[in-house]
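K.L.:
Before anything else, here's the structure in question.
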Amino acid sequence: MFKSLYMVSAVMLMIGVIMTGCGAKQAANGDTVQVEYTGTLSDGTVFDSSAGREPLEFTLGAGQLIPGFEEAVLGMKVGEKKTVTIPPDEAYGPHVEGMTVELPREDLPGDKVPEIGDRLVVSRADGSQAIVSIVSVSDNVVVVDTNHPLAGKDLTFEIELLKIL
């Protein structure tokens with residue numbers, strides 16, 4: 001009886017290895033992929049997740065995401081899950097001191113009193129938008145930090161490759 005049970009287990013193990021290892025396409029530059037992900041900071045705070053939304057779809061190598069995320073997905077197979085920690089130089093760069101800008105308080109929307117820590121979306125000269133954080137508030141001026149909110153931080157992502165389109 002035990003001999004038969006052992007043989008069944010060995011067959012099931014072999015099937016598992018064949019199904020996960022052989023012939024599965026790996027994600028490569030130029031592939032459009034769909035992933036589920038959760039991004040956390042070193043203290044465990046979730047800063048972004050696809051949970052409860054459509055999966056994230058992007059083309060590998062097109063520069064649509066931070067370099068470390070794309071690098072993590074390269075070579076993954078459909079159904080594969082991984083956890084990676086991406087350093088600042090492969091994410092949003094270092095936090096650079098002195099990247100502050102003073103904005104006249106009258107230029108801010110009047111419906112909310114600005115507070116330290118609030119984030120604003122501002123338009124750049126080239127028409128693009130950036131998220132900035134308020135670091136100081138006075139009667140006439142609001143000082144904002146123009147570093148990306150995640151600059152200087154290690155980012156940990158749990159990633160599952162759902163599809164290669």
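K.L.:
Of all residues in the range 15-34, which are among the polar types (S, T, N, Q) and either at pLDDT below 95 or more than 23 Å from the chain's Cα centre (by Cα) (or both)?
P.N.:
Thr20
K.L.:
Sticking with this structure for a sec: Restricting to the range 73-106, name every residue that is of a type in the set (Gly, Ala, Ser) and surrounded by 11 or more Cβ atoms within 10 Å (Cβ to Cβ).
P.N.:
Passing the criteria: Gly75, Gly79, Ala91, Gly93.
K.L.:
Of the residues Glu102, Glu106, which is charged (D, E, K, R) and assigned to a strand (DSSP E or B)?
P.N.:
After ruling out the rest, the residue left standing is Glu102.
K.L.:
Check every one of the strands (runs of 3 or more DSSP E) wholly within the range 30-89 and list those with 2 or more residues that are within 14 Å of Leu162 (Cα to Cα) and in contact with a Pro (Cβ under 6 Å, 6 or more places away or on another chain).
P.N.:
By residue number, 32-40.
K.L.:
More than 30 Å from Ala24 (Cβ to Cβ), outside any strand (DSSP E or B) and modelled with pLDDT of 90 or more: is that true of Ile116 in this structure?
P.N.:
yes
K.L.:
Continuing with the same structure: Mind checking whether some residue in the range 120-128 is of a type in the set (Val, Ile, Thr) and within 25 Å of the chain's Cα centre (by Cα)?
P.N.:
yes
K.L.:
Residue check: is Ile131 part of a strand (DSSP E or B) and surrounded by 10 or more Cβ atoms within 10 Å (Cβ to Cβ)?
P.N.:
Considered against the rule, which asks whether it is part of a strand (DSSP E or B) and surrounded by 10 or more Cβ atoms within 10 Å (Cβ to Cβ), Ile131 comes out as yes.
K.L.:
Looking only at the range 107-118, count every residue that is of a type in the set (D, E, K, R) and surrounded by 12 or more Cβ atoms within 10 Å (Cβ to Cβ) and tell me the total.
P.N.:
Within the range 107-118, residues that are of a type in the set (D, E, K, R) and surrounded by 12 or more Cβ atoms within 10 Å (Cβ to Cβ) number 1.
The values are calculated or read from the model by the stated rules, or taken from the named source; none is laboratory data. Just so you know, these numbers come straight off a predicted model, no measurement behind them. Every residue, glycine among them, receives a Cβ derived from its backbone with ideal geometry; neighbour counts consider all protein chains shown.
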